[in-house]
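Readers should treat all values here as calculations from the given coordinates under stated rules, not as data from a laboratory. Computed from a prediction, not measured in an experiment: that's the story for all the values here. Here the Cβ positions follow ideal geometry from the backbone for every residue, glycine too, while neighbour counts run over all protein chains shown.
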Amino acid sequence: MCSCRGKMIKLVKGGDFMDRIGFIGYGSMGSMLVKGLIGSGQVRQEQIIVTRKDKSRLDEIKKTWPEINVARNAADTAKDADYIFICVKPLEYLDILKEIKPFIRPDHHIVSIAGAVAVEDIEKMADCKITKVIPTVLSEVREGITLVCHNGRVTEEDSARIEALLGSIGRIWRIDEKDFGFATELTSCGPGLIAAVFQELVEAALRHTDSFGRDEITEKVLQTMYGTSRLILEKKMDFRDVISRVATKGGITEEGVKVIEKGLPQVFDEMLDQCMRKREAVNGKILYQFRDIQER
Ligand SMILES: NC(=O)c1ccc[n+]([C@@H]2O[C@H](COP(=O)([O-])OP(=O)(O)OC[C@H]3O[C@@H](n4cnc5c(N)ncnc54)[C@H](OP(=O)(O)O)[C@@H]3O)[C@@H](O)[C@H]2O)c1
């Protein structure tokens, strides 16, 4: 089943990155990362090894990426890879770590994408380089922010390599692991939260006009969001600059801004409180799961 087992994978010179990259898990994030990395031109299909739980669906991956290597399980993926991206749900991490533990070498570089799983807990199971990454769905269009932090085994050279690789599908924000929770709300949950906010704007617009349909209004809101982001980023402005440019004293926009400034702080405080409460609850479950795991 595993097209990479028992033979050296031939690395054809292409992108700058020549290592073998294993993906354990090929769901929403795993497939997005594979697609993004191949699409960026940094990585060739032949360099990638993929496995997933539902073995009957491994052939599907070959249909999309004929040159990709599929492995029959996590252990085989780890054995054949230099980088091991673990892209399973947080509560499945411990089982995966137990499975790959016997095959971990000190030169392996694990890339963990579960915010809830602490680097310290992965280190209990894997004596190797570890980078924790919080991806964003925006990488699908090579935008957005990818959070990263590294354990002590990752050298400057190692971090430069993995950050360059991930930097090909978005911007890197290297921060302390202790700040991951809050930053994740902004960068990884962010696209979903921002979509929810602007969905409400579209709904409100639809309640105020019969002249345009949902698709037309959505497209105009999206173009306006996109243009506002570009204006702020390219002209090095901030939100206040745009507000003062548009909301002239005594004008119409000013009235709308007043309503937003009165109502939204409470909504956003509540939103962040709620997200962070939920995050703590999930983290607690993972902590409990790893409680009996002794140091290596
Ligand atoms: N979704 C997001 O926006 C987001 C953002 C940042 C971080 N994350 C993190 O990314 C991780 C993955 O999330 P996701 O949304 O991609 O989840 P998902 O769509 O449910 O994918 C999970 C994948 O894990 C595979 N899997 C489960 N057990 C396995 C095993 N024993 N061996 C091999 N593969 C196994 C599943 O295989 P099958 O498909 O065959 O069942 C599936 O492909 C999570 O830890 C999450 O916290 C997600």
Task: Distance between modelled label sites at GLU219 and LEU91, nm, 7 Å Cα→Cβ extension - done: 4.3 nm
Open item on the list: Give me the net charge for the shell around LYS285: Cβ to Cβ below 13 angstrom, other residues only, Lys and Arg +1, Asp and Glu -1.
Closed with: +1
Task: Rh by Kirkwood over Cα pairs, then Stokes-Einstein D for the chain at 1.002 mPa s and 20 °C, µm²/s - done: 100 µm²/s
Open item on the list: In the chain, if the dipole is taken from +1 on Lys/Arg beta carbons and -1 on Asp/Glu beta carbons about the Cα centre, which of THR131, PHE212, ILE145 is farthest to the positive end?
Closed with: THR131
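By how many nm would the segment from LEU186 to ALA164 grow when fully extended, if each residue of separation counts as 0.36 nm and the alpha-carbon distance is taken off?
Result for the pair: 5.7 nm of gain on full extension.
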Task: Contact order normalised by residue count of the chain, Cα under 8 Å, 6+ apart, percent - done: 15 percent
- [ ] Rounded to the nearest 0.05, what FRET efficiency do ALA196 and LYS249 give with R0 = 25 Å and r taken as the Cβ-Cβ distance? Could you check?
- [x] 0.20
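Give, rounded to the nearest 20 debye, the magnitude of the charge dipole that the chain has about its Cα centre when Lys and Arg contribute +1 at Cβ and Asp and Glu contribute -1 at Cβ.
780 debye
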Open item on the list: Looking only at region 51-190, where both bridge partners belong to it, what percent of the DSSP beta bridges are antiparallel (to the nearest 5)?
Closed with: 25 percent
Open item on the list: What's the ranking of 121-133, 195-207 by average number of surrounding C-beta atoms within 10 Å, highest first?
Closed with: 121-133, 195-207
TODO: Along Cα→Cβ, 7 Å out, is where each label goes; now give me the distance between the ones at GLU261 and ILE293 in nm to one decimal.
DONE: 4.9 nm
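Could you sort 48-57, 81-90 so that the peptide with the highest average Cβ count within 10 Å comes first and the rest follow in order?
81-90, 48-57
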TODO: Extending each Cα 7 Å along its Cβ direction at SER229 and GLU280, get the distance between those two points in nm, one decimal.
DONE: 3.1 nm
